[in-house]
Number of protein chains: 2
Amino acid sequence: MKKLINDPNDVVVEALTGLAAAHPDHLRVDLTDKVVYRKDSPVQGKVGLVSGGGSGHEPMHGGFVGLGMLDAACAGEVFTSPVPDQMMAATKAVDGGAGVLHIVKNYTGDVMNFEMAAELADADSGIDVRTVVTQDDVAVKDSLYTAGRRGVGVTVLLEKIVGAAAEAGRPLAEVADLATRVSESGRSMGLALTSCTVPTAGKPTFALADDEFELGIGIHGEPGRERKPMAPARELAEQLLEPVLADLPRADGQPVIAFVNGMGGTPLLELYLMFNEVTQILDKAGVPIARSLVGSYITSLEMAGCSVTLLAVDDDMIGLWDAPVNTPGLRWGV
Amino acid sequence: MKKLINDPNDVVVEALTGLAAAHPDHLRVDLTDKVVYRKDSPVQGKVGLVSGGGSGHEPMHGGFVGLGMLDAACAGEVFTSPVPDQMMAATKAVDGGAGVLHIVKNYTGDVMNFEMAAELADADSGIDVRTVVTQDDVAVKDSLYTAGRRGVGVTVLLEKIVGAAAEAGRPLAEVADLATRVSESGRSMGLALTSCTVPTAGKPTFALADDEFELGIGIHGEPGRERKPMAPARELAEQLLEPVLADLPRADGQPVIAFVNGMGGTPLLELYLMFNEVTQILDKAGVPIARSLVGSYITSLEMAGCSVTLLAVDDDMIGLWDAPVNTPGLRWGV
């Protein structure tokens, strides 16, 4: 294992320290609780947005903390859920009197721990907590760490759109309903060309031959649908989009946000090339692209590969997507 | 070779097509000349900024085209200089009557071709062209494709700072002098944990054992100073910073912009961890960090590794760094 790390057990805390040092004007990091906070939190009267999950998916979630997106992100160890205490501390710290929304990817540990934290925050401080669980991965029904579909790329788009709604001062019930609608309106699928190596494990999570890829890979290297012979980008894009389009709830003519995401080890050159394939397939299918996002935003350490997410959007969602955001990972309008 | 591509010969054009599709409001791409343009270029009365080089370093340079940064970027084939015709077309297209600055990384082909393009643009259209050649890599004196030092990370910082000066309406002589000062005020060094594979070559450019890294790697995989046994991030950061600090022209107390750059295949988690090491070394050395940048901005396809760039800055440069920028790769203030 060759990585830019010191002791594998210190990776998360050292990376969080670096994140805080790189963004001193916008973030503060509680290194004991391993929570990344928006520097001006709690924002009085604003719904607080808390997300989190295992580390190794950067910039998600710590890189999405800031104006117009998350108020706090709880960092677990690599590919391991944070614990309820972290989530409760974050929930209490960001509550500005308007309640808190938990944004949770559908993995058993995350769902269970966020649920416990919500109950504790209510019992302890009477904070009104609502929860949205993303589950957009069409690859598999149940998986290694999940009952039901896994939460992947839609989480990024949801944190942006719902973050803008909270920033605009919408009340908790409205923000939570929007979150549910966004979560239900997106579908994703990914593929891997290589495995990744969890620092404390020291060896690759799985092995792929030089001439095969894994279709439907999970963001922790969980098995996908099948291993297939390597193919040109054009065919790979079709294999990702066919099941996504088949399952996407979308009215005739309704536009989408199209998101081509890198898994961490794939260069931007290839992601733009994949996006070109995606635009051609969507064009043929008569699906207008309202907005797009291309880059490595929800990653799996150094895994090579990509995922494609489509989110069917309405005018409100597009307006919220365009609204100002100021985080390390996404920034515009400010 | 497993990559998200179709025919290796079509990679650059297909990726440029994807880049244009992803940023239709900000960029236009001439696919014949392989030049990425700011959509509203030429901007009348503004100095035009043209850069370019081999592809495979994305987001540099095409991802740095836009308000407050470049007016045009010429894309060569992967790791291959663009040709003078491309550069001349770009120079003529972005000239808004105030002259044009060429920003060139010090590689023999790029330098020669940009020089020829500058002469042609002057002869053909009487355009006043000035040139800055970046040469910040302290690793080696001469290299595979270079006489003198290679141009690397400082190029990114220079394009941002000088781009803001041009956007502010400063005249060509002033913009060119600033570019020279920035170029002379920065130093970089990089390391590789793995090679990368040029699509048309189909096999890794070089080989590294499982327990070694290459110190002083070039962004095309050119040999560095030496191959050494793998070491913790703390020691790697010291090995990068020691020669950078030793050579950095910097007044006592003068602050720097500190830039930790990923080579393409290294996850953000590790880059933030490296930045943490960099902050500690600079703190001990009494070097204040005025601003920072952490991410993969000048890459070598899917190479794993990183580089560190320090740029000694004055108040003017910091103000220009903070000025609005609106490009696919760097965006703030707008």
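Report whether or not residue B:32 is closer than 19 Å to residue A:268 by Cβ and among the hydroxyl-bearing types (Ser, Thr, Tyr).
Numbers: closer than 19 Å to residue A:268 by Cβ: no; among the hydroxyl-bearing types (Ser, Thr, Tyr): yes.
Against the criterion (closer than 19 Å to residue A:268 by Cβ and among the hydroxyl-bearing types (Ser, Thr, Tyr)), residue B:32 does not qualify.
Does residue B:334 meet the test of being assigned to a loop (DSSP other than H, G, I, E, B), at the interface with chain A (Cβ under 8 Å from one of its Cβ atoms) and not hydroxyl-bearing (Ser, Thr, Tyr)?
Working: assigned to a loop (DSSP other than H, G, I, E, B): yes; at the interface with chain A (Cβ under 8 Å from one of its Cβ atoms): yes; not hydroxyl-bearing (Ser, Thr, Tyr): yes.
Yes: the conditions hold for residue B:334.
List the strands (runs of 3 or more DSSP E) inside the stretch A:32-96, counting only whole elements, that have at least 3 residues being in contact (Cβ under 8 Å) with a residue 12 or more places away in the chain, outside the structural domain of residue A:326 (by the TED database) and closer than 22 Å to residue A:201 by Cα.
Where strands (runs of 3 or more DSSP E) fall fully within the stretch A:32-96 and carry at least 3 residues being in contact (Cβ under 8 Å) with a residue 12 or more places away in the chain, outside the structural domain of residue A:326 (by the TED database) and closer than 22 Å to residue A:201 by Cα, they are A:48-55, A:72-78.
Take the stretch B:245-270 and flag every residue that is closer than 20 Å to residue B:218 by Cα and surrounded by fewer than 24 Cβ atoms within 10 Å (Cβ to Cβ).
B:245, B:246, B:247, B:248
If a residue has to be touching a residue at least 40 places away in the same chain (Cβ under 8 Å) and not polar (S, T, N, Q) to count, how many in the stretch A:182-213 make the cut? Full working, then the answer.
Initially, the stretch A:182-213 is screened for residues touching a residue at least 40 places away in the same chain (Cβ under 8 Å), giving A:182-200, A:202-203, A:213.
Subsequent filtering for residues that are not polar (S, T, N, Q) retains A:182, A:184, A:186-187, A:189-193, A:196, A:198-199, A:202-203, A:213.
Matching residues across the stretch A:182-213 total 15.
Is it the case that residue B:216 is touching a strand residue (DSSP E or B) at 6+ places or on another chain (Cβ under 7 Å) and touching a residue at least 40 places away in the same chain (Cβ under 8 Å)?
The answer is yes for residue B:216.
Matching residues to (1) farther than 13 Å from residue B:53 by Cα; (2) crowded, with 24+ Cβ neighbours inside 10 Å; (3) touching a helix residue (DSSP H, G or I) at 6+ places or on another chain (Cβ under 8 Å):
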| position | (1), (2), (3) |
| --- | --- |
| B:95 | yes, yes, yes |
| B:99 | yes, no, yes |
| B:121 | yes, yes, yes |
| B:126 | yes, no, no |
| B:130 | yes, no, yes |
| B:133 | no, no, yes |
| B:142 | yes, no, no |
| B:145 | no, no, yes |
| B:148 | yes, no, no |
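Could you grab me the full set of residues in the stretch B:145-174 that are touching a Phe, Trp or Tyr at 6+ places or on another chain (Cβ under 9 Å) and more than 23 Å from residue B:71 (Cβ to Cβ)?
B:145, B:146, B:150, listed by residue number.
Residues that are surrounded by 22 or more Cβ atoms within 10 Å (Cβ to Cβ): find the strands (runs of 3 or more DSSP E) completely inside the stretch B:153-229 holding 1 or more of those. Please lay out each step first, then the result.
On the way: elements: B:186-192, B:212-215, B:226-229.
In the stretch B:153-229, B:186-192, B:212-215 are the strands (runs of 3 or more DSSP E) which contain 1 or more residues that are surrounded by 22 or more Cβ atoms within 10 Å (Cβ to Cβ).
Of the residues that sit in the stretch A:230-244 and are hydrophobic (A, V, I, L, M, F, W, C) and not in a loop (DSSP other than H, G, I, E, B), which one is nearest to the other protein chains (Cβ to nearest Cβ)? Walk me through how you get there before you give the answer.
Applying the first criterion (hydrophobic (A, V, I, L, M, F, W, C)) to the stretch A:230-244 yields A:230-231, A:233, A:236-237, A:240-241, A:244.
Now narrow it down to the ones that are not in a loop (DSSP other than H, G, I, E, B): A:233, A:236-237, A:240-241, A:244.
Details: A:233: 5, A:236: 6, A:237: 9, A:240: 11, A:241: 14, A:244: 17 Å.
Only one residue fits best here, namely A:233.
Which condition number in (1) crowded, with 24+ Cβ neighbours inside 10 Å; (2) within 23 Å of residue B:54 (Cβ to Cβ) is the one that residue B:278 fails?
The failed condition is (2).
To keep it simple, each residue is scored yes or no on (1) more than 9 Å from every other protein chain (Cβ to nearest Cβ); (2) closer than 17 Å to residue B:65 by Cα; (3) of a type in the set (D, E, K, R); (4) surrounded by 15 or more Cβ atoms within 10 Å (Cβ to Cβ).
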position	(1), (2), (3), (4)
B:2	no, no, yes, yes
B:6	no, no, no, yes
B:18	no, yes, no, yes
B:21	no, yes, no, yes
B:28	yes, yes, yes, yes
B:32	yes, no, no, no
B:35	yes, yes, no, yes
B:38	yes, yes, yes, yes
B:49	yes, yes, no, yes
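Take the conditions outside the structural domain of residue B:180 (by the TED database), modelled with pLDDT of 95 or more and under 28 Å from residue A:322 (Cα atoms) and apply them to residue B:313. Does it pass? Lay out the reasoning, then the answer.
Values: outside the structural domain of residue B:180 (by the TED database): yes; modelled with pLDDT of 95 or more: yes; under 28 Å from residue A:322 (Cα atoms): no.
So residue B:313 fails the test.
The values are calculated or read from the model by the stated rules, or taken from the named source; none is laboratory data. Being a predicted model, the structure only gives us computed values, none of them experimental. Backbone-built Cβ (ideal geometry, glycine too); neighbour counts: all protein chains shown.
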